[in-house]
Amino acid sequence: MDIQKIRNDFPILSREVYGKPLVYFDNGATTQKPRCVVDAIVDEYYSVNANVHRGVHFLSQKATELHEASRERVREFINARSTNEIVFTRGTTESINLLAYSFGEAMMKPGDEVIISTMEHHSNIVPWQLLAERKGISIKIIPINDQGELLLDDYEKLFTAKTKLVSVVHVSNVLGTVNPINKIIAVAHQHGVPCLVDAAQSIPHMKVDVQEMDADFLVFSAHKVYGPTGVGVLYGKESWLDKLPPYQGGGEMIQHVSFEKTTFNELPFKFEAGTPDYIGTTGLAKALDYISNIGMDQIAAYEQDLTEYGLQRLKEIPGMRIFGEAPERGSVISFLVGNIHHFDMGTLLDRLGIAVRTGHHCAQPLMQRLGIEGTVRASFGIYNTKEEIDVLVNGIQRVSKMF
Ligand code: 7TS
């Protein structure tokens, strides 16, 4: 990988913060955008813009073609069987809410159970709690060990005749743990239960193949994979999506409306009420082209090397505590140094031009399990370098001396 060439594709990386070169280590929250993604968005607004799926006129047809080509691009990227299985949403959060609502309505009754894990992001906890309130279902939790790995024996014991769905994160946004998702899905299927995969933190970093995994549902956000904000994906096996009711009502999602009876559109439009972010989907497709051209295996290997270097260098710092020591891990490192509050560390690193995330990372139940309030988190992307990690390590050492 030619990192300098990649860095040149991201204009923001050449800016300074407080007079220091920007070191952007908050890729878990959102990634920066390459010029080709922003250009594709601007070009579409300037030369194609029109609402999709409803016009006979030239521009509307062109916009519809681009939007549907983006759906095909996503299908190919995750290796879904059909574009009917690709629903565009606003992001991971909306995708999970959609599923919790629709699946909950159609497939669950009071007393039924959903299995999630200790290391879920709030967006894979709260929608199930809302469903629990609405429908009287209960939520069971897969525990973790001190390395930050799911306890699979305990997982198997959680299944009962009332288990209706498993919903787990592929890669933890705090611990970096890459969960053994194929095994998790296989166990669910042995019990006749479908599985939803939260791929928000895996899609940008590794090859994700929904057929190879045999995922029933999989969700992710465009903005974490070098695409624009406001767009996400819900993948669902057609056999499942066919059985589920719409989430929102409105334009696009209907076949025929009368005041007496309304019939719904076919897949995937049944789940896409209202004008979609058709410009954003173009941006997402461009982002997927961009990383595919680099190569997902190359990206995974590069980031793996970067993360190993990061772990090794960070461990040289006295008082360093790393949270998440699973052997299979992605490019996220959460840590605390001595008694320094994560917020103080983050604020002082910021003054050195280093952007890290601090706090509970929308995973408060995991923080409770770890017995802490929050961490500092450095999360890497395709444009980060070992030199930047050295800047971080020097920065942490400087901050540590102040306390
Ligand atoms: N699931 C995981 C695993 C995540 O990391 C996030 C966002 C979401 C779901 C929600 O995605 P959204 O695009 O719908 O907001 N994670 C983070 C993070 O780690 N820091 O900021 C956002």
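The values are calculated or read from the model by the stated rules, or taken from the named source; none is laboratory data. None of the values given here were measured: they were computed from a predicted structure. Don't worry about glycine lacking a Cβ; one is built from the backbone with ideal geometry, like all the others, and counts go over all protein chains shown. Heavy atoms of the whole protein, side chains included, go into the accessibility calculation; ligands, DNA and RNA do not. Shrake-Rupley method; radii C 1.70, N 1.55, O 1.52, S 1.80 Å.
So, for the chain, what is the accessible surface per residue at a probe of 1.4 Å, expressed in square angstrom? If you can, show how the numbers build up before the last one.
Numbers: 16900 Å² over 403 residues.
Each residue of the chain exposes 42 Å² on average to a 1.4 Å probe.
In what sequence, highest mean first, do 268-274, 4-10 appear when ranked by Cβ atoms within 10 angstrom? Don't skip to the answer; put the middle values down first.
Details: 268-274: 19.7, 4-10: 15.1.
Going by the mean number of other Cβ atoms within 10 Å, highest first, we get 268-274, 4-10.
Would you please put 275-283, 168-176, 338-346 in order of how densely packed they are, using the mean number of other Cβ atoms within 10 angstrom per residue and starting with the highest? Mind showing how you got there, number by number?
Working: 275-283: 22.7, 168-176: 27.6, 338-346: 16.1.
Ranked from most to least packed, the peptides come out as 168-176, 275-283, 338-346.
What's the center-to-center distance, using Cα atoms, between the stretch 54-90 and the stretch 285-330 in Å?
With the stretch 54-90 and the stretch 285-330 each reduced to a Cα centre, they are spaced 31 Å.
Straight-line reach from Lys315: which aspartates and glutamates have a Cα under 14 Å away, not including same-chain ones fewer than 8 places off?
Correct list for Lys315: Glu325, Asp390.
Which of the pairs Lys140/Lys164; Lys286/Lys386; Lys135/Lys224 have their Cα atoms more than 21 Å apart in this structure?
Details: Lys140/Lys164 11 Å; Lys286/Lys386 27 Å; Lys135/Lys224 32 Å.
Check vs 21 Å cut-off fails for Lys286/Lys386; Lys135/Lys224.
Carbon and sulfur: what percent of the stretch 62-143's accessible surface (1.4 Å probe)?
Details: 1550 of 3000 Å².
Of all accessible area on the stretch 62-143, carbon and sulfur atoms account for 52 percent.
Taking 0.36 nm per intervening residue step and subtracting the Cα-Cα distance, what contour gain separates Lys207 from Arg398 on full extension? Present the calculation step by step, with values, prior to reporting the outcome.
Working: separation 191, 0.36 × 191 = 68.76 nm, distance 3.77 nm.
Full extension of this stretch gives 65.0 nm more.
Output ³J(HN,Hα) for the stretch 156-164: one whole-Hz value per residue in order, computed from phi by the Karplus curve 6.51 cos²θ - 1.76 cosθ + 1.60 with θ = phi - 60°, and x for Gly and Pro.
Once rounded to whole Hz, the list reads 4, 6, 6, 6, 9, 5, 9, 5, 10.
Equivalent ellipsoid semi-axes for the stretch 106-149, as square roots of 5 times the alpha carbon gyration tensor eigenvalues: give them largest first, rounded to whole Å. If you can, show how the numbers build up before the last one.
Values: eigenvalues 106, 23, 9 Å².
Semi-axes (√(5λ), whole Å): 23, 11, 7.
Quick one: in the stretch 148-275, what % of C-alpha pairs are over 24 Å apart? Provide the component values of the computation, followed by the final result.
Numbers: 3292 of 8128 pairs.
Cα-Cα pairs in the stretch 148-275 separated by more than 24 Å: 41 percent.
Here are some pairs, Lys109/Lys207; Lys62/Lys243; Lys5/Lys207; which of them have Cα atoms lying more than 27 Å apart in this structure?
Violating the 27 Å limit, Cα to Cα: Lys109/Lys207; Lys62/Lys243.
Starting from the 7 Å offset along Cα-to-Cβ, what nm value, one decimal, do you get for the label separation of Arg15 and Thr262?
Taking the simple label geometry, Arg15 and Thr262 are separated by 4.2 nm.
Translational diffusion coefficient, Stokes-Einstein: compute it for the chain using the Kirkwood radius over C-alpha pairs as Rh, at 25 °C and 0.890 mPa s, and state it as an integer in µm² s⁻¹. Don't jump to the answer; show the numbers that get you there.
Numbers: Rh = 22.2 Å.
D, rounded to a whole number, is 111 µm²/s.
Rounded to the nearest 500, what is the 222 nm mean residue ellipticity of the chain from helices alone, with -39500 (n - 2.57) per DSSP H run of 4+ residues and division by all residues? Intermediate results must be reported in sequence, preceding the final value.
Details: 14 runs with 160 residues, N = 403.
Mean residue ellipticity at 222 nm (helix-derived): -12000 deg cm²/dmol.
Return the lysines within reach of Lys261: Cα separation strictly under 18 angstrom, same-chain partners fewer than 8 residues apart disregarded; answer none if there are no such residues.
Lys270
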